[in-house]
Amino acid sequence: EPEVTQTPSHQVTQMGQEVILRCVPISNHLYFYWYRQILGQKVEFLVSFYNNEISEKSEIFDDQFSVERPDGSNFTLKIRSTKLEDSAMYFCASRAGGSIGWTQYFGPGTRLLVL
Amino acid sequence: KNEVEQSPQNLTAQEGEFITINCSYSVGISALHWLQQHPGGGIVSLFMLSSGKKKHGRLIATINIQEKHSSLHITASHPRDSAVYICAAHGGSQGNLIFGKGTKLSVKP
């Protein structure tokens, strides 16, 4: 069964460093998402991406964040200068689109720790 | 701003019990999702529903659009059902989800 994959599974970085989180969505899916979950808190929406551009973003998704789909398969989230409060689990998700493609399929997550 | 509220926050049940988790949301939505988060963190979509009722195995989800309320039921609960169950509403036209805080279910043998 097709699945969403994410790399790395864990990342430790120093405050101020740039990190890139990678996702490979399911191949025929058209809509892509990043969510994050700070330890002990609820999952929060960051950004949605469709047709090679951001379609919606939350207040969390400020200028320090960027997304791109560089090669038609990978979908990346970049945090330019990490802060302590960026420590969280980051989930990528994708869905097919169309009238029946509303179910989102989640990757296993990347646990980011900023020291 | 759409808010999604779940109850209870924590639920402990004995194996075989019938379980109900409730979800309410504050504004009109196009659909509501129920998801399961495993202890390791992985998230799996269980149901998406915009009206009525859906059933998958021992899981049943219902929604009442007028009352802005949904329930997830588990019949004949089993220890392997232990997980966090999350309801999430469509928050925008692109399908991005607004999550509730989740209900941590623990089923004892």
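Values in this text are rule-based calculations from the coordinates and carry no lab data. All of these numbers come straight from a predicted model, not from anything done at the bench. Glycine also receives a Cβ, built like all others from the backbone with ideal geometry; neighbour counts cover every protein chain displayed.
Data for the structure
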item: Residue mean of other protein chain beta carbons inside 10 Å, B:93-104; result: 6
item: Given charges at beta-carbon only (K, R positive; D, E negative), |dipole| of region A:41-115 in Debye; result: 240 debye
item: Sorted peptide list for A:24-30, B:71-77, criterion being average Cβ within 10 angstrom, highest first; result: B:71-77, A:24-30
item: Cα-based Rg of chain B normalised by 2.2 N^0.38 Å, two decimals; result: 1.01
item: Share antiparallel - DSSP beta bridges, the protein assembly as shown, percent rounded to 5; result: 90 percent
item: Cα-centre dipole for chain B with unit charges at Cβ (Lys and Arg positive, Asp and Glu negative), debye to 20; result: 140 debye
item: Farthest toward positive dipole pole in the protein assembly as shown [+1 Lys/Arg, -1 Asp/Glu at C-beta], among A:P25, B:L49, B:H90; result: B:L49
item: Charged-residue dipole, Cβ positions (Lys, Arg, Asp, Glu), the protein assembly as shown about Cα centre, Debye nearest 20; result: 460 debye
item: Partner chain coverage, peptide A:102-108 - average Cβ within 10 angstrom; result: 6
item: Å³ per residue enclosed by the Cα convex hull of chain A; result: 105 Å³
item: Too-long pairs where the Cα-Cα distance tops 25 Å, listed order kept, from A:K78/B:K68; A:K57/B:K55; A:K42/B:K68; result: A:K78/B:K68; A:K57/B:K55
item: Highest average packing first - A:84-90, A:101-107, Cβ atoms within 10 Å; result: A:101-107, A:84-90
item: Computed over the protein assembly as shown, Kirkwood Rh from alpha-carbon pairs, angstrom; result: 18.0 Å
item: Full-stretch length increase - B:N64, B:T20 - with 0.36 nm per residue and alpha-carbon distance subtracted; result: 14.3 nm
item: Estimated FRET transfer efficiency when R0 is 22 angstrom, pair B:S7-A:T103 (beta carbons, to 0.05); result: 0.35
item: Kirkwood hydrodynamic radius of region A:57-110, from inverse mean 1/r over distinct Cα pairs, in Å; result: 13.1 Å
